[in-house]
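Here the structure is laid out as structure tokens; the discussion comes afterwards.
The values are calculated or read from the model by the stated rules, or taken from the named source; none is laboratory data. Given the structure is predicted, the values throughout are model-derived calculations rather than measurements. Note: ideal-geometry Cβ built from the backbone for every residue, glycine included; neighbour counts use all protein chains shown. Heavy atoms of the whole protein, side chains included, go into the accessibility calculation; ligands, DNA and RNA do not. Shrake-Rupley method; radii C 1.70, N 1.55, O 1.52, S 1.80 Å.
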Amino acid sequence: DVVRKGEVVGNHITTFLHDGTELIVESKMNLKITLLGIPVYSFDYKSLEKWSNGVLSYLKVDVKDGADQLMITSQLNEQGLNITSPSGTYIIKGLILSTNHWNPDVVKQTRVLNTLTGKINKVKLIKKGEERISTRDGKILATRYDYTGELTDTSVWYDSAGRWSKLKFKARDGSTVEYICNNCGPDR
């Protein structure tokens, strides 16, 4: 569940599919803000990632932010990861993770591919320690990390198995948005 000001305003679903040696990850997030029952803002996000042998080989992101739309694509070739976004087209070399948050290895990274802008952001994730967090399955123990560097006001939690369990960030309007896990029990 995506929660803002104590109210569920949307959902975020991440699915995983193994296809031979390839891992396919699809993330979808839909958010709708209403005022007196009238929709005043919506945000729709869809991302498809393909990973081969632990390397991001393909990414396509479609975002509808109110009336604005944007698309980001990337494809691995012999030069590196070729990224096309509203910021331009460029190639990056070496391992890069996206800001889709599902991959716990992000805590060791110094740069990420921002799936909302298409830019590479320099980051450092600071371990804040274990916390008991609320989920729809009850409270679980998870480790909190805070983003610093070019991404701030964002915290992410991973359980002891490295599974993404919570996200909290400051929205453009200054409100706090939290992702509350619906499927965080031991058999997820």
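Tell me the residue from Thr148, Thr117 that is open to solvent by less than 60 Å² (accessible area, probe 1.4 Å) and assigned to a strand (DSSP E or B), please. Working first, answer last.
Details: Thr117 fails: assigned to a strand (DSSP E or B).
Exactly one residue qualifies, and that residue is Thr148.
Scan the stretch 12-32 and report the pairs whose first residue is polar (S, T, N, Q) and whose second residue is open to solvent by less than 50 Å² (accessible area, probe 1.4 Å) and in a loop (DSSP other than H, G, I, E, B), with Cβ atoms within less than 6 Å and a gap of 6+ or a chain change.
Thr14/Trp102; Ser27/Asn100
Yes/no matrix, rows are residues, columns are (1) farther than 23 Å from Gly54 by Cβ; (2) without any contact (Cβ under 8 Å) to a residue 12 or more places away in the chain; (3) under 16 Å from the mean Cα position of the chain (by Cα):
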position: Asp68; (1), (2), (3): yes, yes, no
position: Leu76; (1), (2), (3): no, no, no
position: Ser98; (1), (2), (3): no, no, yes
position: Val107; (1), (2), (3): no, no, yes
position: Ser134; (1), (2), (3): yes, no, no
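Report whether or not Lys139 is open to solvent by 30 Å² or more (accessible area, probe 1.4 Å), more than 27 Å from Gly80 (Cβ to Cβ), free of Cβ contacts under 8 Å to residues at least 40 places away in the same chain and outside any loop (DSSP other than H, G, I, E, B). Explain how you work it out, then say what you get.
Working: open to solvent by 30 Å² or more (accessible area, probe 1.4 Å): yes; more than 27 Å from Gly80 (Cβ to Cβ): yes; free of Cβ contacts under 8 Å to residues at least 40 places away in the same chain: yes; outside any loop (DSSP other than H, G, I, E, B): yes.
So Lys139 fits the description; yes.
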